[in-house]
Amino acid sequence: MTKTPVPHFAGILGSAAYPIEAGRYRLIWSEICPWSQRIAILRRLLGLEDIISEGKVNPVITEQGWQFSLDEGQRDPVLDIDYLMVIYKQTDVNYLGRATIPVIVEVTTKKIVNNESQEIMLQLETNFSDFVKSDAPDLYPKNLRADIDALNAILLEEINQGVYKMKNAKTQVDYEKYFSIFFNRLDELDVRLADRRFLFGEQLTDSDIRLYVSLARLDVAYYSTFRANRNRLTDFPNLWRYAKELYQIPAFRETTNFDAIKKGFALNNLEGNPNHIIPLGPDTSIWNK
């Protein structure tokens, strides 16, 4: 029998199969990963900490994959596992893909519900409305959903994934193409934010989370490791003001660990950094000024 990889687990939080109950689910993420930080930010903004607990894997990936080496005994205290791959195999014994983050795990069964950040975000924003804290922002308001979806598609293609296309370019031509797309879009976003607080005015939305996680990694990781070096974030006056304001919101600040980002991107870059040198700069204290 041929084993077929199953890269995507697509359970729906809040459905009959996965009802919303306190303590039933656990988010596994890492501070290095922009895709998983999106869920960590959202969980805090909505006040879902009692419903979804969290566990973190080390930002430096091992040959065996993501490891729970930040925890006492190097095991997740709730799931009682040492490597994330264990959960993937418990969910599907024939799984041959990579163990990726983020994942939402059902604690009672120790199996993955969903491992796609886009789907998890939308499920938390739309299916948990009766469970969020009273002052939680409406991050995906009905009157803006079409506009948010349109902007998110651009952010995904040109910023979130765009910077990785730049890093993975196989030719000079491709590198320059994705370099231009990435920084041209940042130029346009800087102009957009000249007369507004957030991407959609005064209202914080899903799109702001998606942009922030890439901005937070630009100067400390992408600039050097991915050769995304036309400008630093601090060179964009409106984007820099905007990113710093988001950083002052606890859900953003408490999930942003610049040291973990620098360490992870440096030490996971085995080909480009064989001697395992971790950069000392840039000075991230300016985010608090």
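What follows is calculated from the coordinates using simple rules that are stated; it is not laboratory data. Keep in mind it's a predicted model, so treat the numbers as computed, not measured. For neighbour counting, all protein chains shown are included, and Cβ atoms are generated from backbone atoms with ideal geometry for every residue, glycine included.
Projected label points at E49 and N275, each 7 Å from Cα along the beta carbon direction, are separated by 4.3 nanometres. Put a dot 7 Å past the Cα of R185, heading toward its Cβ, do the same for L156, and the two dots end up 1.1 nm apart.
Compute the FRET efficiency between N229 and N94 as 1/(1 + (r/R0)^6), taking r as their Cβ-Cβ distance and R0 = 41 Å, and round to the nearest 0.05.
On the way: r = 43 Å, r/R0 = 1.04.
Efficiency for this residue pair is about 0.45.
Could you give the distance between the Cα centres of the stretch 44-63 and the stretch 261-288, to the whole Å? Computed from Cα coordinates, the inter-centre distance equals 22 Å. Would you look at the GNM of the chain, springs on alpha carbons closer than 10 Å, and say which of A221, A150, A16 moves the most? Among A221, A150, A16, the largest mean-square fluctuation in the Gaussian network model of the chain belongs to A16.
Taking the DSSP beta bridges in the chain as the whole, what percent of them are antiparallel, to the nearest 5? Before the final figure, lay out each step's value.
Details: 12 of 17 bridges.
Of those bridges, close to 70 percent are antiparallel.
One decimal place: the segment D149-K289 gains 47.1 nm when fully extended, by the rule 0.36 nm per residue minus the C-alpha distance. Put the Cα centre of the stretch 109-124 next to the Cα centre of the stretch 176-235 and the gap is 26 Å. Each stretch of four or more DSSP H residues adds -39500 (n - 2.57); spread over every residue of the chain, this sum gives -11000 deg cm²/dmol at 222 nm. Measuring between alpha carbons in the structure, the pairs from K170/K262; K110/K263; K89/K133; K56/K177; K177/K262 lying more than 32 angstrom apart are K89/K133; K56/K177. In straight-distance terms, cross-link reach from K142 covers every one of the aspartates and glutamates whose alpha-carbon lies under 20 Å from its own, apart from those fewer than eight places away in the same chain; here that gives E119, E125, D130, E202, D206, D208.
Order the peptides 42-48, 86-92 from the highest to the lowest mean number of other Cβ atoms within 10 Å of their residues. If you can, show how the numbers build up before the last one.
Numbers: 42-48: 21.1, 86-92: 18.6.
Those peptides, ordered most packed to least, come out 42-48, 86-92.
Based on C-alpha pairs under 8 angstrom that are at least 6 apart in sequence, the chain has a relative contact order of 20 percent.
Straightening the chain between T109 and K167 buys 17.1 nm, computed as 0.36 nm per residue apart minus the Cα-Cα spacing. By definition, a body whose alpha carbon gyration tensor gives a ≥ b ≥ c is prolate when a/c is 1.5 or more and a/b is larger than b/c, and the stretch 182-287 fits this prolate description.
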